[in-house]
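Trainee: Have a look at the structure that comes next, please.
The values are calculated or read from the model by the stated rules, or taken from the named source; none is laboratory data. Quantities reported herein were computed from a predicted structural model and do not represent experimental measurements. Methodologically, a virtual Cβ is constructed for each residue, glycine included, from the backbone with ideal geometry; neighbour enumeration extends over all protein chains shown.
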Amino acid sequence: MTSSPTTGHPKAAVVLATAAVLMAGGCSSSPPSSSGPPRPKGAAVVMPEVSSVPRLITAADRSLPIAPYLLSDKQSDELTAAQAKLTEQCMTRFGFRYTSPAPTPAFRPRTPTQFRYGVTDPNEAAVDGFAPVGSRTAPTTAEPASLSAEMTLVLTGTDDPHIKPGSSAAGGQVYQGRKIPVGGCVGEARARLLSEGPEAGGDAGLSNDINIDSFESSRKHPLVRAVFAKWSQCMDARGFSYPDPLAATGDSAWRIRTASAKEKAAARADADCKKQNNVVGVWYAVDAALQQQAIEKNNAALAKIKKAIRARVKLAAAVLAG
């Protein structure tokens with residue numbers, strides 16, 4: 001059998017609107033969580049009034065209201081490292097020398113909002129097209145270590161294909177006179193870090209939903225639709241016909257390893273037309289207003305999520321310092 005990562009940071013998070021693979025859902029989004037009330041299917045979103053619109057070329061240095069309820073990259077990395085350390089310590093108790101798999105290097109924006117509204121730097125766009133600089137490089141993945149059946153049992157708490165490894169249904173067996181913890185060593189590590197819920201150490205589902213839903217709903221707001229129309233006219237004058245920036249970003253012609261001359265020209269025009277019409281400023285203002293509206297509706301649940309993040313980060317710091 002082979003090992004599987006003991007944790008992961010599904011951020012992405014972050015909702016990225018550049019390159020189809022980085023769109024709405026981000027570098028990868030958290031799995032659904034039971035945190036907060038369930039969202040009604042197909043519920044109409046009340047479009048908030050936006051009192052102020054900043055003039056922005058990029059939103060890279062602007063945070064969104066949901067940010068305090070999501071893990072930062074630094075916090076996620078610390079939780080990942082702490083879980084790896086706890087997992088290894090647990091395996092040692094059972095007599096195994098085990099090293100947690102190193103996190104797979106992956107592209108990360110400088111900030112969660114750097115590419116949320118697509119490409120904004122015409123000079124970078126002229127070189128890399130719609131993909132953020134560095135995002136086209138395929139991540140290198142190390143071959144997972146081969147584990148014995150006994151190691152896998154202790155690590156994940158199960159050798160039953162019908163039971164999810166590391167879950168609360170796993171564990172409880174006795175190995176070498178020791179009882180395997182619930183979820184195996186992976187489950188024990190997660191529990192120590194208060195990361196044993198559906199999100200498995202990532203972002204809470206409610207926070208992630210708000211982050212994604214605001215981006216999706218923002219595109220339907222009258223202010224955003226109006227500025228998209230201006231952007232579309234600007235693009236058309238440059239020889240590119242798209243209804244909105246996401247259509248330009250998601251053009252199937254760009255799904256290639258190296259940006260073509262046409263993609264570079266389209267991406268540069270996209271960035272120029274955004275700047276000319278303050279697309280990012282309008283889009284960001286509406287996105288933020290939608291998030292603030294959702295936060296006010298879910299204030300109690302989000303307060304618990306924020307408190308849980310502080311507790312988890314504090315636990316991780318103690319593990320890493322020990």
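Trainee: Might you let me know whether segment 100-115 holds any residue that is over 21 Å from THR80 (Cβ atoms) and surrounded by fewer than 16 Cβ atoms within 10 Å (Cβ to Cβ)? Spell out how you get there, then give the answer.
Mentor: Of all residues in segment 100-115, those over 21 Å from THR80 (Cβ atoms) come to 113-115.
Narrowing the set further to residues that are surrounded by fewer than 16 Cβ atoms within 10 Å (Cβ to Cβ) leaves none.
No, the conditions are met nowhere in segment 100-115.
Trainee: Let me ask another. Give me the pairs: first residue in segment 40-55 and more than 14 Å from SER217 (Cβ to Cβ), second residue at pLDDT 95 or above and of a type in the set (Val, Ile, Thr), beta-carbon distance under 8 Å, and six or more apart or on different chains, which are they?
Mentor: Partner pairs satisfying both residue conditions: VAL53/VAL282.
Trainee: Continuing with this model, one more query. I want to confirm something. Restricting to segment 236-277 and keeping residues that are hydroxyl-bearing (Ser, Thr, Tyr) and assigned to a loop (DSSP other than H, G, I, E, B), which single residue is modelled with the lowest pLDDT? Walk me through how you get there before you give the answer.
Mentor: In the first step, residues of segment 236-277 are kept if they are hydroxyl-bearing (Ser, Thr, Tyr); the result is 241-242, 249, 252, 258, 260.
Filter once more, keeping what is assigned to a loop (DSSP other than H, G, I, E, B): 241-242, 258, 260.
Values: SER241: 98, TYR242: 98, THR258: 90, SER260: 96.
Filtering first and then ranking leaves THR258.
Trainee: Farther than 30 Å from LYS297 by Cα, surrounded by 15 or more Cβ atoms within 10 Å (Cβ to Cβ), in contact with a Phe, Trp or Tyr (Cβ under 7 Å, 6 or more places away or on another chain) and of a type outside the set (Gly, Ala, Ser): which single residue out of PHE96, PHE130 fits that description?
Mentor: Selected residue: PHE130, the only one of PHE96, PHE130 that is farther than 30 Å from LYS297 by Cα, surrounded by 15 or more Cβ atoms within 10 Å (Cβ to Cβ), in contact with a Phe, Trp or Tyr (Cβ under 7 Å, 6 or more places away or on another chain) and of a type outside the set (Gly, Ala, Ser).
Trainee: Contact list please: Cβ distance under 6 Å, first residue in segment 188-200 and within 12 Å of LEU79 (Cβ to Cβ) and buried (at least 20 other Cβ atoms within 10 Å of the Cβ), second residue among the β-branched types (Val, Ile, Thr) and modelled with pLDDT of 65 or more, pairs at least six apart or on different chains.
Mentor: ALA189/THR87
Trainee: So which residues in segment 109-145 are out of contact with any Asp or Glu (no Cβ under 6 Å at 6 or more places or on another chain), more than 17 Å from ALA248 (Cα to Cα) and at pLDDT below 90, if there are any at all?
Mentor: GLY134, SER135, ARG136, THR137, ALA138, PRO139, THR140, THR141, ALA142, GLU143, PRO144, ALA145
Trainee: Another question, then. Looking at segment 177-194, which of the residues that are of a type outside the set (A, V, I, L, M) and over 19 Å from THR80 (Cα atoms) is nearest to the chain's Cα centre (by Cα)? Even if it seems obvious, please write down each step before you answer.
Mentor: First, pick out the residues of segment 177-194 that are of a type outside the set (A, V, I, L, M): 177-179, 181, 183-185, 187-188, 190, 192.
Next, from what is left, pick out any that are over 19 Å from THR80 (Cα atoms): 177-179, 181.
Values: GLY177: 41, ARG178: 37, LYS179: 35, PRO181: 30 Å.
For segment 177-194, the residue satisfying everything is PRO181.
Trainee: Across segment 242-286, which residue is surrounded by the most Cβ atoms within 10 Å (Cβ to Cβ) among those that are among the hydroxyl-bearing types (Ser, Thr, Tyr) and under 23 Å from HIS221 (Cβ atoms)?
Mentor: THR249
Trainee: Failed condition for LYS230, given (1) crowded, with 19+ Cβ neighbours inside 10 Å; (2) in contact with a helix residue (DSSP H, G or I) (Cβ under 6 Å, 6 or more places away or on another chain); (3) part of a helix (DSSP H, G or I); (4) not β-branched (Val, Ile, Thr), with all others met?
Mentor: (1)
Trainee: Restricting attention to segment 298-312, report how many residues are buried (at least 19 other Cβ atoms within 10 Å of the Cβ) and part of a helix (DSSP H, G or I). First the steps, then the outcome.
Mentor: First pass over segment 298-312, keeping only residues buried (at least 19 other Cβ atoms within 10 Å of the Cβ): 298, 302, 305, 309, 312.
Filter again for part of a helix (DSSP H, G or I), leaving 302, 305, 309, 312.
Count: 4.
Trainee: Would you say THR137 is among the polar types (S, T, N, Q), closer than 30 Å to ASN211 by Cβ, out of contact with any Pro (no Cβ under 6 Å at 6 or more places or on another chain) and without any contact (Cβ under 8 Å) to a residue 40 or more places away in the chain?
Mentor: Working: among the polar types (S, T, N, Q): yes; closer than 30 Å to ASN211 by Cβ: yes; out of contact with any Pro (no Cβ under 6 Å at 6 or more places or on another chain): yes; without any contact (Cβ under 8 Å) to a residue 40 or more places away in the chain: yes.
Considered against the rule, which asks whether it is among the polar types (S, T, N, Q), closer than 30 Å to ASN211 by Cβ, out of contact with any Pro (no Cβ under 6 Å at 6 or more places or on another chain) and without any contact (Cβ under 8 Å) to a residue 40 or more places away in the chain, THR137 comes out as yes.
Trainee: Take ASP203 and decide whether it is within 30 Å of GLN293 (Cα to Cα), in contact with a Lys or Arg (Cβ under 9 Å, 6 or more places away or on another chain) and buried (at least 23 other Cβ atoms within 10 Å of the Cβ). Break it down stepwise before answering.
Mentor: Values: within 30 Å of GLN293 (Cα to Cα): yes; in contact with a Lys or Arg (Cβ under 9 Å, 6 or more places away or on another chain): yes; buried (at least 23 other Cβ atoms within 10 Å of the Cβ): yes.
Yes; evaluated as a whole, the condition is true for this residue.
Trainee: Can you say whether SER214 is out of contact with any Pro (no Cβ under 6 Å at 6 or more places or on another chain), over 26 Å from PRO68 (Cβ atoms) and modelled with pLDDT of 95 or more, as far as the supplied structure shows?
Mentor: Working: out of contact with any Pro (no Cβ under 6 Å at 6 or more places or on another chain): yes; over 26 Å from PRO68 (Cβ atoms): no; modelled with pLDDT of 95 or more: yes.
So SER214 does not fit the description; no.
Trainee: Looking at segment 155-172, I want the residues that are of a type in the set (S, T, N, Q) and have a partner that is buried (at least 19 other Cβ atoms within 10 Å of the Cβ) and assigned to a loop (DSSP other than H, G, I, E, B) with Cβ atoms under 7 Å, at least 6 apart or on another chain. Which pairs are those?
Mentor: Listed by first residue and then by second, the contacts come to THR156/PRO165; THR156/GLY166; THR156/ALA170; THR158/PRO165; THR158/ALA170; SER167/GLY183; SER168/GLY183.
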